[in-house]
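Take a look at the structure set out below.
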Amino acid sequence: MVVYIIDTPLGMGMKEEQLFKYFRGETSEEEEREIYRWYSFSKANEDRFYKTRVKYIASSFEETSQKSDVEVKWEKFQALKVARTEKKKNLSNTYNFLRYAALLVLLVGSGYIVKEVVPDRSGDTANIPEGAITLQLADGEIKVLEEGRTTDIANNHGQIVGKQHGDMLISPHATSSVAGDEEIAFNTLKVPYAKRFRLILSDGSEVTLNAGTSITYPTVFHSNKIRQVFVQGEAFFEVEKDSKRPFVVSSGDMNVRVLGTRFNVSSYPEDENIKTVLVEGKVNVYKEEERYDKNTAVALEPGQMAVWDRQQRSVSLEEVETDMYTAWINGKIVFKHTPFPDIVKKLERHYDVNITNRNPAFTEEFFTASFDVETIEQVMETFKRGYGLEYSIQGKEIIIKP
């Protein structure tokens, strides 16, 4: 236990290792009280706390630790902040510091859009609560899935189309598939911002939907055709293997074809790229408008990501750490050298807020960040303490000040 003498400057007594221990969640209640007392003692201690927090998280990213000097970045941002403040007193134009790069690591906690090939039946939305998870049935009826409930979901004919178990919807297990010439009914499950939900399809495949995501899926699959679903937003798939019926995820400009595997797809409409990350098994990606051809499709191995450039209409492969792209399943968002505008968009989805950035200094910056259990207020405060970002929050509206 660390003991402080009351008249000893607390800023001199706190060691970096003690703060690291706190960030790892290894401190006792008494140690936490001591750290809080030290933190509250002075503004200098507050600054050192956030500065050390940045350094600690940076140390958990090997690539970041090797390539970035957090201490230098901190001092540079502080110097820029002072210079900018002084210049605003004498000049009307804003100090331009876009030429400076920055690294920010936050201690706190992806998505895709597709073309709807199934007709959109909006249904009656007048009585749907804001932020509700909904299931739109094939006849257009919309069911609100109240969180935490366990109940059967039935259509107007009394047929059970799903069973809700808390944050999961289970489709009736298909003991038999329909013939190829029979019509199949499609449902659409929609998950709003700041929420996640799971879906078990009739073949046993499991889909986890991220915030701001919808999936259109058949109530039952054809017996002699591909199993196909359509996604808007971000989803993680765990597909049941069926060598006779490949599974296809249509995500806008790109299709992902598998037999049985685990992978993540992200293709939000506002994003420049569609990303498919393979965790296990094998997948092939190809242009949505093209007929599948194994000789021309791009094959992925575990640990690879296929990036579809919407403008160039081309696919490239990258080796990645899959945990970076699947952490959201457990309520986390992880960035590595990510542009600030992209971070803003994901914060909006994760916390269901609107962020307006009026500070050009951050527009061209790249940051490394890990978001976990913290609130949006704590996230913004870390930006403020770390790099002088000024902001205001009113309800769901956040303004980043110039």
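First check a/c for the range 134-277, with a ≥ b ≥ c the square roots of the eigenvalues of its C-alpha gyration tensor; if it is under 1.5, answer rounded, and if not, answer prolate when a/b is larger than b/c or oblate otherwise. Since a/c reaches 1.5 but b/c is at least a/b, the shape of the range 134-277 is classed as oblate. Given a 1.4 Å probe and the protein chains as shown, R196 ends up with an accessible area of around 100 Å². Summing +1 for each Lys or Arg and -1 for each Asp or Glu, what net charge is found among the other residues whose Cβ lies under 10 Å from the Cβ of R262? Summing Lys and Arg as +1 and Asp and Glu as -1 gives -3.
Ligands, DNA and RNA excluded, the heavy atoms of D342 present near 60 Å² of accessible surface to a 1.4 Å solvent probe.
For the range 245-402, the per residue solvent-accessible surface stands at 45 Å², with DNA, RNA and ligands left out and a 1.4 Å probe. For L317, the accessible surface of its heavy atoms amounts to roughly 80 Å² (probe 1.4 Å, protein chains only, rounded to the nearest 10). Please identify which residues in the range 338-365 have an amide N closer than 16 Å to a label point set 7 Å out from the Cα of E397, following the Cα→Cβ vector. Only 353-358 pass the distance filter. Which of rounded, prolate, oblate describes the range 231-321, given a ≥ b ≥ c as roots of the alpha-carbon gyration tensor eigenvalues and a/c under 1.5 marking rounded, otherwise prolate only if a/b is larger than b/c? It comes out rounded by the Cα gyration axes. Taking amide H as placed 1.01 Å from N in the peptide plane, the amide H of R198 sits under 5 Å from that of M168, L169, L209, each at least 5 places away or on another chain.
Averaged per residue, what accessible area in Å² does the range 126-232 show with a 1.4 Å probe, protein chains only?
On the way: 4860 Å² over 107 residues.
Ligands and nucleic acids excluded, the figure is 45 Å² per residue.
On a 22 Å Cα-Cα criterion, which of the cross-link pairs K163/K396; K190/K332; K43/K396; K21/K345 come out too long?
Details: K163/K396 33 Å; K190/K332 20 Å; K43/K396 28 Å; K21/K345 32 Å.
K163/K396; K43/K396; K21/K345, as the Cα separations exceed 22 Å there.
Need one word for the range 264-370: rounded, prolate or oblate. Basis is the Cα gyration tensor (sqrt eigenvalues a ≥ b ≥ c); a/c below 1.5 gives rounded, then a/b vs b/c decides.
Values: a/c = 2.29, a/b = 1.70, b/c = 1.35.
It comes out prolate by the Cα gyration axes.
The values are calculated or read from the model by the stated rules, or taken from the named source; none is laboratory data. Bear in mind the structure is a predicted one, so any value in this text is a computation, not a measurement. Note: ideal-geometry Cβ built from the backbone for every residue, glycine included; neighbour counts use all protein chains shown. Remember, those area values only see protein heavy atoms, side chains included, never the ligands or the DNA or RNA. Shrake-Rupley method; radii C 1.70, N 1.55, O 1.52, S 1.80 Å.
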